[in-house]
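Working notes, structure below.
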Amino acid sequence: MTFTTRFAPSPTGPLHLGHAYSAMLAHDLAQRHGGTFLLRIEDIDQTRARPQWEAQIYDDLHWLGLDWPTPVMRQSDRMAAYGATLDRLWARGLLYPCTCSRRDIQEAMSAPQEGAPMFGPDGLVYPGTCRLRRDEEGYAPADHTRPVADTLRLDMHRAWQALGTDQLSFYEDGAGPAGETGRIDLSADQMQRDVGDVVLARKGMGTSYHLSVVVDDAAQGITHVVRGRDLFEATQIHVLLQHLLDVPVPRYHHHRLIRDDAGKRLAKRDDARAIAKYREDGLSPQQIRDMTGL
Ligand code: GLU
């Protein structure tokens, strides 16, 4: 069995203990399976990504004893691939432009007939305002060129219709937040209700986390995705997109999150836990391993 995995940090702050754990676990698993460990820089949010953080990522990971093939894939170099993928989905009528602000969505959700607001992997489940407008106006997006700078949403109902099934599944080798493991089943009904019309291209960005991660995992031939449990809920979106784009579905291994002594999830802004800080304090890579419980 081939085993290709990756660590995909965003260069928006220092690497902390949780990142180190994720990277070392993926690297260890690749070694154990005689496989390949790749690094990918997820810098689509150019307002937050900084070259200095990217340089620090390479430096910290090398210090931890990890290595990877070069050149490293950088998402900001991949906009043409994301655009081509959006074109394909657009041509099939599966995307629509959305002009709603966060506030519009909140207001629509708090209308009495809507019931309690639903939270999905991306926050509030979109109430479908712009989709309804499109349908009412008899607008046929496939007839027009894809608007490049707009927010584009996936029409979840049409997406499942296009697949011609109402059930999909993926394999979880780790565990989700409620211990979900093994074969994980996804259904059209549940995703329409709990996920809704997710954003696949953010306004002015030309892509989104979900779209980029799926396009790039496929382009890099990733067979095993190793990442934090906080991304378990997003996986259903990725699996749906993999089917829509006719690319292989990797196996997933969602791992526990490294928490601080108070049980709080470590965030990038907790600079006290930055690997660079531990290095400055004279800790060894082995001590970092021990701290993560690897
Ligand atoms: N870039 C994401 C992050 O830093 C990880 C994406 C993934 O592993 O799928 O949280």
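Odds and ends about this structure:
- Residue satisfying all of: in region 160-178; farther than 11 Å from HIS254 by Cβ, assigned to a loop (DSSP other than H, G, I, E, B) and not β-branched (Val, Ile, Thr); least open to solvent (accessible area, probe 1.4 Å) among these: GLY164
- Within region 135-149, the set of residues being modelled with pLDDT of 85 or more and either among the small types (Gly, Ala, Ser) or open to solvent by less than 60 Å² (accessible area, probe 1.4 Å) (or both) comprises ARG146, PRO147, ALA149.
- Positions within region 220-231 being over 22 Å from ALA84 (Cα atoms) and either within 11 Å of the ligand (Cβ to nearest atom) or of a type in the set (D, E, K, R) (or both), in sequence order: VAL225, VAL226, ARG227, GLY228, ARG229, ASP230, LEU231
- Some residue of region 114-126 being in contact with a Gly (Cβ under 8 Å, 6 or more places away or on another chain) and assigned to a strand (DSSP E or B): yes
- Residues in region 239-249 that are closer than 13 Å to TYR171 by Cα and open to solvent by less than 10 Å² (accessible area, probe 1.4 Å): VAL239 only.
- Condition check for PRO97: under 30 Å from GLY196 (Cβ atoms), more than 12 Å from the ligand (Cβ to nearest atom) and surrounded by 15 or more Cβ atoms within 10 Å (Cβ to Cβ): yes
- Screening ARG48 on (1) within 13 Å of the ligand (Cβ to nearest atom); (2) over 30 Å from ASP150 (Cα atoms); (3) surrounded by fewer than 18 Cβ atoms within 10 Å (Cβ to Cβ) shows it passes everything except condition (2).
- Candidates are the residues of region 182-219 that are more than 16 Å from the ligand (Cβ to nearest atom) and among the charged types (D, E, K, R); the one that is farthest from THR165 (Cα to Cα) is LYS203.
- Going through (1) open to solvent by 20 Å² or more (accessible area, probe 1.4 Å); (2) within 13 Å of the ligand (Cβ to nearest atom); (3) in contact (Cβ under 8 Å) with a residue 40 or more places away in the chain; (4) not basic (Lys, Arg) one by one, SER10 falls short only on (3).
- Search result, residues across region 102-114 that are open to solvent by less than 50 Å² (accessible area, probe 1.4 Å) and within 11 Å of THR129 (Cα to Cα): ILE105, ALA108, MET109
- Any chance LEU152 is within 24 Å of HIS243 (Cβ to Cβ) and open to solvent by less than 40 Å² (accessible area, probe 1.4 Å): yes
- Selected residue (only one of ARG40, ARG32 is modelled with pLDDT of 95 or more, away from the ligand (no atom under 13 Å from the Cβ) and not β-branched (Val, Ile, Thr)): ARG32
- For ALA84: the one exception among (1) modelled with pLDDT of 85 or more; (2) surrounded by fewer than 13 Cβ atoms within 10 Å (Cβ to Cβ); (3) not in a helix (DSSP H, G or I): (3)
Okay, residues lined up against (1) farther than 15 Å from ALA276 by Cβ; (2) assigned to a loop (DSSP other than H, G, I, E, B); (3) in contact with a strand residue (DSSP E or B) (Cβ under 8 Å, 6 or more places away or on another chain):
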residue	(1), (2), (3)
THR5	yes, no, yes
THR12	no, yes, no
ARG48	yes, yes, no
GLN56	no, no, no
PRO71	yes, yes, no
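The values are calculated or read from the model by the stated rules, or taken from the named source; none is laboratory data. In this text, all values refer to a predicted model and were calculated from it rather than measured experimentally. Virtual Cβ from ideal backbone geometry, glycine too; neighbours counted across all protein chains shown. Each accessible area value is taken on the protein alone, full model and side chains, heavy atoms only, with ligands, DNA and RNA left out. Shrake-Rupley method; radii C 1.70, N 1.55, O 1.52, S 1.80 Å.
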